[in-house]
Amino acid sequence: NHDGVSFGGISGMNRGSIKDVVNEADVKIERKGSSAVTAIAGISGTNFGEIKNAINTGNIQGTANIGGIVGNLEGGSISNAYNTGDINGTSQVIGGIVGSITSSNVNITNIYNTGKISGPDGVGGLVGYVFSNPNTVTITNGYNLGVVEYPAGQGIDGGSIVGGGAITIKNVYFKTDAGYQKYGDNTVYATTAEFNAAFAA
């Protein structure tokens, strides 16, 4: 590995458009010696362009900036994308759809995760961590049904939807023991039918 390398099941780095793709392969990258892996994902390691109609079912494992669809989102957009694979990082910034977001004016729409997301810090069911500031990143229409695991402790970032950072979230839900909870309010829908009706409203 060379310093600053991105890996993806479909593309290492995307500056154009990726549409109608499925990755079923596991992607596992381990840091060797002094080499630095920038980002790892099921679809595109680092993304500047458009990703639309993308599915990842493979398990993704590495160090940092790891996502089911994109490892590091530096620009562009993601729409109609979902992940069912387990996403695991040994360092930080791990998300079911996107690991890290470092660009402003990013829209992510119609996404969901059902895989297990785990790591030591910056762990989110859909997005690991948003580094861009001010808050011009938006998630619209999404849900996380997967388990999110991170250690409890002061200074540790983690969440059912987003691990941390400034982001706008619209019509997004996550699974709890009681049912499906809407992000940003305490409404819980006990049945799948109730959740589906609320999500579509």
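The values are calculated or read from the model by the stated rules, or taken from the named source; none is laboratory data. Computed from a predicted structure; not experimentally measured. Ideal geometry is used to build each Cβ from the backbone, glycine not excepted, and the neighbour counts take in all protein chains shown. Areas reflect the complete protein model, heavy atoms only, side chains present, ligands, DNA and RNA absent. Shrake-Rupley method; radii C 1.70, N 1.55, O 1.52, S 1.80 Å.
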### Task
Within segment 60-95, count every residue that is touching a Leu at 6+ places or on another chain (Cβ under 7 Å) and either open to solvent by 30 Å² or more (accessible area, probe 1.4 Å) or β-branched (Val, Ile, Thr) (or both).
0
### Residue tally, condition open to solvent by less than 40 Å² (accessible area, probe 1.4 Å) and not in a strand (DSSP E or B), over segment 43-59
3
### Task
From Tyr150, Tyr112, grab the single residue that is among the aromatic types (Phe, Trp, Tyr), modelled with pLDDT of 95 or more, more than 11 Å from the chain's Cα centre (by Cα) and open to solvent by 40 Å² or more (accessible area, probe 1.4 Å).
Tyr150
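Taking segment 153-182 only, how many residues are more than 21 Å from the chain's Cα centre (by Cα) and either outside any strand (DSSP E or B) or buried (at least 19 other Cβ atoms within 10 Å of the Cβ) (or both)? So that I can check it myself, show each step before the final result.
First, the residues of segment 153-182 that are more than 21 Å from the chain's Cα centre (by Cα): 153-154, 177-179.
Narrowing further to those that are either outside any strand (DSSP E or B) or buried (at least 19 other Cβ atoms within 10 Å of the Cβ) (or both): 153-154, 177-178.
Number satisfying all stated conditions: 4.
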## Note on the structure
Note: among Val98, Val106, Val137, just one is touching a Leu at 6+ places or on another chain (Cβ under 8 Å), surrounded by 22 or more Cβ atoms within 10 Å (Cβ to Cβ) and modelled with pLDDT under 95, namely Val106
### Query
Which one is most open to solvent (accessible area, probe 1.4 Å) among residues in segment 120-134 that are more than 19 Å from Lys175 (Cβ to Cβ) and touching a strand residue (DSSP E or B) at 6+ places or on another chain (Cβ under 9 Å)?
Phe131
### Pairs with Cβ under 7 Å, 6+ apart, first in segment 175-186 and of a type in the set (S, T, N, Q), second assigned to a strand (DSSP E or B)
Thr176/Val188; Gln181/Tyr173; Gln181/Phe174; Gln181/Val188
### Selection count, segment 88-116, where residues are of a type in the set (Ser, Thr, Tyr), outside any strand (DSSP E or B) and closer than 15 Å to Leu126 by Cβ
1
### Task
Given the conditions (1) surrounded by 17 or more Cβ atoms within 10 Å (Cβ to Cβ); (2) more than 30 Å from Thr90 (Cβ to Cβ), report the number of the one that Asp185 does not fulfil.
(1)
